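These notes concern the structure reproduced below.
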Amino acid sequence: MNPDMNRTAMKALTAMQYGPIDTVSITEVPRPVPGPGQVLVRVAAAGLNPLDVKLATGVMKDVMPVEHPLVLGVDAAGTIEAVGEGVTRFAPGDQVVALTYPAGAIAEYTVVNDGPTIVPRSSSLPVETAAALPTPLLMAAALTTIKPAAGQSILLLGGDGAVASFFLQMVARSGARIIATAKPEHAPRVAALASDVIDYTSIDPVKQTLHLVPGGVDMVIDLVNAGPGLATTAAAARDGGRLISPHGGPPTFDRGVTATYLGVEEGLDQFAERVNEVASGELTVRATTRPFTQARQTLTDFAAGRIQGRRTVLTL
Ligand SMILES: NC(=O)c1ccc[n+]([C@@H]2O[C@H](COP(=O)([O-])OP(=O)(O)OC[C@H]3O[C@@H](n4cnc5c(N)ncnc54)[C@H](OP(=O)(O)O)[C@@H]3O)[C@@H](O)[C@H]2O)c1
C-alpha cells in the first residue's frame, strides 16, 4: 500500500470560479474514492487541452456549465492505485492511459470508470507521451470515421494543431487530397503530410480552396470555428458536400452542404489500437513537458500560445 493513501486530501490544479486563466491554482481537494465499476489512478503525467482553458475561463459556460471547485484536465497517464467493486480488467500497479472528460486529470489522483475511456499503457510508451494522447488522439480517430478516400478533396482548418497532426498521420495513405491551413513557420511540417498548405494569416482559406478546387471540396473539416461561423468555411465545400467539426453548429448550410459534429466518444473504439500505434512509432507526437508545480504558469502560457510543440504535459 502506498503510504500516501492514508491522506484523504490531494493536490490538484483547480479553478475556484470562472475567471482569467491565471486565477487557477494548485489547491488541496478531497482525494476521490473509486466507487463500484471505477478505478483510482495515481497520475504521473497530465496533458493540457484547449478545453481546460475554455472550462476554466467560462467561455463555454452556457453550453457546458461546470461545478466549482473544478479540478482541471482530461488527459492522464499513471498507475492503478485501487479498484472499486466489480472491476476485473485492472489491478493495482497496472499502467494506464485515461480520458477523464470533462475534468479531474491534473491532480495527484483521478477516478475513472472502468470502460472505453481507460486503456493499458505498454512499457515502451513513455508516461509523458501517453499523457499527451487521449483527447487529440481520440478526436483524430473520430475524424477518421468520415473515411477519406482516394479522389476526394478535403479542406482542414487548424492543420497544425494536436488533433490535425494525428489525423493527418492517420489518413496519410488514404489518397485523399488534403488542403490544410498553417502559419508560415509551421507550414513545412504540415506540408509533409498535407497535399497543399494555406497560410491562413495572409490568405483567405475559403477563397484559396475554391481557387485550388473549383466548385469546392468534398469535405471541410473545421477545427477552428464554431456555431454560425461555420457557414463561412462551409462555403468551401462543393454543392451537397459535408462540413465536419468538433464544435456544435447548424445541421445544414447553403447549397445542400450537411454538417457532421463529432466528439472524442466517436473515437473511443479505436483508443487501445491508436495508443499502441504511438507506442510502436507508427504515430508520433511532439510534447513539451513541465512540472506540475508550474501548472498555473504553464496553463497560462498554453492559453496564450507561448508553448512550442503540439502538446503540453505536466509531470506530477
Ligand atoms: N469535441 C471534442 O470532443 C473535441 C476534442 C478535441 C478537440 N476539440 C476542439 O478541437 C479544436 C482543436 O483542438 P487541438 O487540440 O488540435 O487544438 P490546438 O492544438 O490548439 O490547435 C489549434 C490549431 O488551430 C490553428 N488556428 C488558430 N486560429 C486559426 C484560424 N483563424 N485559422 C486557421 N487555423 C487557426 C492553430 O494554428 P497556430 O498554432 O498556427 O495559430 C492551431 O494549429 C479545439 O477547439 C478543441 O477544443 C474538441
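Summary table below
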item	result
Residue in region 250-268 that is in a helix (DSSP H, G or I), modelled with pLDDT of 95 or more and of a type in the set (Phe, Trp, Tyr) present	no
Selected residue (only one of Val264, Val257 is open to solvent by less than 30 Å² (accessible area, probe 1.4 Å), within 16 Å of the ligand (Cβ to nearest atom) and either within 24 Å of Val53 (Cβ to Cβ) or outside the structural domain of Glu128 (by TED's automatic domain parsing) (or both))	Val264
Residue within region 101-109 that is aromatic (Phe, Trp, Tyr), over 12 Å from Ala45 (Cα atoms) and open to solvent by less than 40 Å² (accessible area, probe 1.4 Å) present	no
Residue under evaluation Arg238, criteria (1) open to solvent by 50 Å² or more (accessible area, probe 1.4 Å); (2) within 14 Å of the ligand (Cβ to nearest atom); (3) part of a strand (DSSP E or B), criterion not met	(2)
Close pairs (6 angstrom Cβ cut-off, 6 or more residues apart or separate chains): more than 27 Å from Val96 (Cα to Cα) in region 50-77, open to solvent by 30 Å² or more (accessible area, probe 1.4 Å) and near the ligand (Cβ under 10 Å from one of its atoms) anywhere	Met60/Lys54
Listing of strands (runs of 3 or more DSSP E) fully contained in region 1-86 that carry 1 or more residues being among the hydrophobic types (A, V, I, L, M, F, W, C), open to solvent by less than 10 Å² (accessible area, probe 1.4 Å) and modelled with pLDDT of 95 or more	9-15, 38-47, 75-83
Candidates Gly281, Gly305 - the one that is more than 22 Å from Gln169 (Cα to Cα) and surrounded by fewer than 18 Cβ atoms within 10 Å (Cβ to Cβ)	Gly305
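The values are calculated or read from the model by the stated rules, or taken from the named source; none is laboratory data. Just so it is clear, the model here is predicted, and its values are computed rather than measured. Quick reminder, even Gly has a Cβ in these numbers, built from the backbone with ideal geometry, and neighbours come from all protein chains shown. Accessible surface is based on the protein model in full, side chains and every heavy atom, while ligands, DNA and RNA are left aside. Shrake-Rupley method; radii C 1.70, N 1.55, O 1.52, S 1.80 Å.
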